[in-house]
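Below: the structure, in C-alpha cells.
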Amino acid sequence: MTSISFYKLAGDQQVALSLACQLIHKSLQAKQQVLCLVPDHATAQQLDEKLWGFQATAFVPHALGLDNAPVAITVEAEPGDHHQILINLQPQIPTWFSRFDRVMEIIYPEPDYEQAKRDNFTFYKDRGYALSFHDLSDKFTQ
C-alpha cells in the first residue's frame with residue numbers, strides 16, 4: 001500500500017520548491033525515480049532551474065515532461081511510466097496516486113492550498129493509508 005508523507009513549511013512556494021529539491025536528491029540517493037507534479041508550467045520551470053542550481057557538488061538528472069527519468073517534472077494529470085515516488089505540489093490528489101510506492105505532499109501557508117492539503121490528509125486517513133507528518137516550520141527556511 002502507498003505510504004503518504006506530509007511536510008509542513010512556514011515559507012512560500014519557493015521554500016516548498018527548495019524542499020522538493022532536497023526530497024528529490026534524497027530519493028535519487030536511494031535509487032528511486034521521482035515524478036514531481038506541479039500546478040503550472042511556470043512552477044515547473046522554477047523547479048527545473050532550482051534543480052540545476054541545487055548544491056554545487058550534486059548532479060540531479062531531471063527534465064520537464066513525463067518521459068524523463070529518473071526525475072520528471074510535469075503538470076500533466078497522468079503518471080506516465082512512473083511508480084516509485086510522487087511529490088505532489090498540486091492542491092488536489094491525482095486519481096492514480098495509489099500506483100506509487102510513496103507520495104510526498106508539501107504544505108505551505110497559502111489559505112486555499114493549505115485547506116486543500118488538509119482535505120487530502122483526511123482523504124488518505126479515511127481510506128487507511130499509512131501517514132506520516134513532518135512539521136518543518138521552524139527547521140526548513142531556505
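Derivation of every value follows stated rules applied to the coordinates shown; laboratory data play no part. Since the structure is predicted, the reported quantities are computational estimates derived from the model, not experimental observations. Positions of Cβ are generated from backbone atoms using ideal geometry, with glycine treated the same way; all protein chains shown enter the neighbour counts.
Between (1) 13.9, 42; (2) 23.5, 88; (3) 20.2, 69, which matches Rg and Dmax of the Cα atoms in Å calculated for the structure shown?
(1)
Distance cut-off 21 Å, Cα to Cα: go down the list K26/K117; K50/K125; K31/K139; K26/K125; K8/K117 and report the pairs above it.
K26/K117; K50/K125; K31/K139; K26/K125
Using DSSP to call loops (not H, G, I, E or B), can you name the GluC sites (Glu not before Pro) in region 1-108 whose Cβ has at most 15 other Cβ atoms within 10 angstrom?
In loop regions of region 1-108 (DSSP not H, G, I, E or B), the sparsely surrounded GluC sites (Glu not before Pro) are E76.
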